[in-house]
Amino acid sequence: MRHPWNASWLLGSLFAASAAVLVTLAHAGPRSTGAEGWSERELAVLATLSLQRLPPAPVDPSNAVERRPAAVELGRRLFSDARFSANGKVSCASCHDPQRQFQDGLPVSRGVGTGARRAMPIVGAGHSPWLFWDGRKDSLWSQALGPLEDAVEHGGNRTRYAQLVAAHYRAPYEAVFGTMPPLDGLPPDAGPHGAVAEQAAWAAMSERQRAAVSRVFANIGKAIAAYEKSLQHEPTRLDRYVDAVVAGRTADAGVLQPDELRGLRLFIGKGQCVSCHNGPLFSDRQFHNTGVPPRDPARPDRGRADATAKVRADEFNCLGAFSDAAPAQCQELRFMVEDDPALLGAFKTPGLRGVAQRAPYMHAGQLATL
């Protein structure tokens with residue numbers, strides 16, 4: 001499924017080239033002028049921006065169903081179902097609105113309560129080994145589960161969600177994941193998180209019951225991830241321009257305005273924005289502390305520094321019991337950097353396709369405009 005949004009209208013949002021390409025180009029031979037005044041070095045960098053250069057998202061070995069059409073369709077339905085929330089009003093689409101590039105346009109997201117960070121767009125998220133601004137999840141399906149149990153996002157619990165699937169999605173669920181476990185006799189509201197009563201009810205369940213409910217819960221995330229991974233960017237004006245000049249053609253008149261071209265030259269040149277915002281998705285998918293002021297100076301967000309312990313302890317990570325991967329396939333998690341001081345206050349480089357239409361900016365909406 002391709003999402004039909006328009007191109008960004010500000011070339012200050014456009015970035016280029018991977019660090020490896022830049023290093024290679026730095027040692028390249030003499031510059032010569034190419035199409036429309038771009039040097040050979042610049043054209044080589046521009047080429048890396050094209051959406052045509054984006055490979056398919058890597059297969060996630062921890063989610064065996066992610067490419068099954070039936071899983072994509074089930075995930076599409078679950079994504080927009082507001083019954084999967086404590087108040088029956090919040091769905092994944094509430095914060096990841098398809099009409100807003102799968103985000104909500106708010107400084108910090110609002111579910112059943114108010115969060116502390118912005119909703120990130122999800123198109124292209126399957127190319128990243130880490131999810132959320134701080135990377136506290138290591139797969140799309142694990143990421144999808146986090147908000148469902150979060151007190152200020154969906155605010156629900158596992159037995160409630162499992163029973164919703166049994167009541168409303170049994171046939172499509174079983175077509176993808178096999179027979180649902182029996183859920184008779186379970187408390188209506190129980191889970192390892194949430195209210196004290198919910199946690200107590202969860203503790204009173206047998207280990208077998210908890211494992212069965214958690215398996216259904218994990219499969220909810222895997223179906224949603226299959227849908228999210230099916231979403232793709234549409235080519236933009238930038239792609240039209242880049243594809244033309246890299247091929248040695250003159251771009252269509254007016255496809256980029258003069259100020260946009262000046263911005264593009266800055267971003268791949270003097271501005272060096274390409275150092276972090278590179279490739280077709282304009283992100284190195286790494287974590288950096290760029291000195292953005294915290295939203296709450298009294299309680300600064302520690303970002304990636306606190307996330308590594310969370311992802312390591314997550315029962316739904318690549319090495320967990322609900323993953324479909326073999327341990328040897330979980331290289332990112334096994335060799336995750338955890339003790340680097342540079343992780344303090346570091347957040348993931350956001351992808352910037354269509355960014356001019358996604359104000360406000362930064363991880364907590366600290367900046368109102370580009």
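The values are calculated or read from the model by the stated rules, or taken from the named source; none is laboratory data. Here the structure is a predicted model, which is why all the values come from computation and not from measurement. When we count neighbours, we look across all protein chains shown, and the Cβ atoms used for this are built from the backbone with ideal geometry, even at glycine.
For region 326-347, what are the residues that are over 13 Å from GLY303 (Cα atoms) and part of a loop (DSSP other than H, G, I, E, B)?
Applying the first criterion (over 13 Å from GLY303 (Cα atoms)) to region 326-347 yields 326-337, 339.
Those that are over 13 Å from GLY303 (Cα atoms) and part of a loop (DSSP other than H, G, I, E, B): ALA326, CYS330, PHE335, MET336, VAL337, ASP339.
Quick one: in region 178-203, of everything that is more than 14 Å from TYR161 (Cα to Cα) and in a helix (DSSP H, G or I), which residue is nearest to the chain's Cα centre (by Cα)? Selected residue: GLN199. Kindly indicate the residue of region 132-183 that is surrounded by fewer than 23 Cβ atoms within 10 Å (Cβ to Cβ) and of a type in the set (S, T, N, Q) and also nearest to LYS89 (Cα to Cα) among those meeting that condition. Per the criteria, the residue is GLN163. Every condition in (1) at pLDDT 95 or above; (2) not assigned by TED's automatic domain parsing to the domain that holds LEU106 holds for ASP306 except the one numbered (2).
Residues are listed down the side, and each one gets a yes or a no for (1) closer than 30 Å to PRO188 by Cα; (2) at pLDDT 95 or above; (3) crowded, with 17+ Cβ neighbours inside 10 Å:
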site	(1), (2), (3)
GLY37	no, no, no
PRO55	no, yes, no
VAL65	yes, yes, yes
ALA71	yes, yes, yes
ARG77	yes, yes, no
SER85	yes, yes, yes
LYS89	yes, yes, no
CYS92	yes, yes, yes
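State which residue pairs qualify: first residue in the same structural domain as ASP243 (by TED's automatic domain parsing) and inside region 40-54, second residue of a type in the set (Phe, Trp, Tyr) and assigned to a loop (DSSP other than H, G, I, E, B) in any location, beta carbons under 8 Å apart, and separation of 6 or more residues or different chains. Note: pairs meeting the criteria are LEU46/TRP38; LEU49/PHE15; LEU49/PHE282. Only one entry in ALA86, ALA64, ALA93 is outside the structural domain of GLU149 (by TED's automatic domain parsing) and more than 30 Å from ALA253 (Cβ to Cβ), namely ALA64.
GLY146: in contact (Cβ under 8 Å) with a residue 40 or more places away in the chain and within 22 Å of ALA313 (Cα to Cα), yes or no? Spelling it out, it is not the case that GLY146 is in contact (Cβ under 8 Å) with a residue 40 or more places away in the chain and within 22 Å of ALA313 (Cα to Cα). Taking the criterion of being in contact with a helix residue (DSSP H, G or I) (Cβ under 7 Å, 6 or more places away or on another chain) and part of a loop (DSSP other than H, G, I, E, B), the residues of region 140-177 that qualify are GLU153, HIS154, GLY156, ASN157, TYR169.
When PHE132 is tested against (1) under 23 Å from ALA307 (Cβ atoms); (2) without any contact (Cβ under 8 Å) to a residue 40 or more places away in the chain, just one condition goes unmet, and that condition is (2).
Yes/no matrix, rows are residues, columns are (1) at pLDDT below 95; (2) not small (Gly, Ala, Ser):
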| site | (1), (2) |
| --- | --- |
| HIS154 | no, yes |
| TYR161 | no, yes |
| ALA166 | no, no |
| TYR169 | no, yes |
| GLY178 | no, no |
| GLY185 | yes, no |
| ALA190 | no, no |
| GLY194 | yes, no |
| ALA197 | no, no |
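Here region 94-119 is the region considered, the condition is being surrounded by 23 or more Cβ atoms within 10 Å (Cβ to Cβ) and within 16 Å of LEU352 (Cβ to Cβ), and the residue that is farthest from the chain's Cα centre (by Cα) is ARG118.
Of PRO350, PRO300, PRO294, which residue is in contact with a strand residue (DSSP E or B) (Cβ under 9 Å, 6 or more places away or on another chain), outside any helix (DSSP H, G or I) and either in the same structural domain as GLN99 (by TED's automatic domain parsing) or under 18 Å from TRP133 (Cβ atoms) (or both)?
PRO350
Have a look at ALA342, ALA359, ALA364, ALA325 and point out the one that is under 19 Å from HIS127 (Cβ atoms) and either exposed (fewer than 13 other Cβ atoms within 10 Å of the Cβ) or in contact (Cβ under 8 Å) with a residue 60 or more places away in the chain (or both). Selected residue: ALA325, the only one of ALA342, ALA359, ALA364, ALA325 that is under 19 Å from HIS127 (Cβ atoms) and either exposed (fewer than 13 other Cβ atoms within 10 Å of the Cβ) or in contact (Cβ under 8 Å) with a residue 60 or more places away in the chain (or both). The residue of region 230-281 that is nearest to GLY351 (Cα to Cα), among those that are among the acidic types (Asp, Glu) and part of a helix (DSSP H, G or I), is ASP239.
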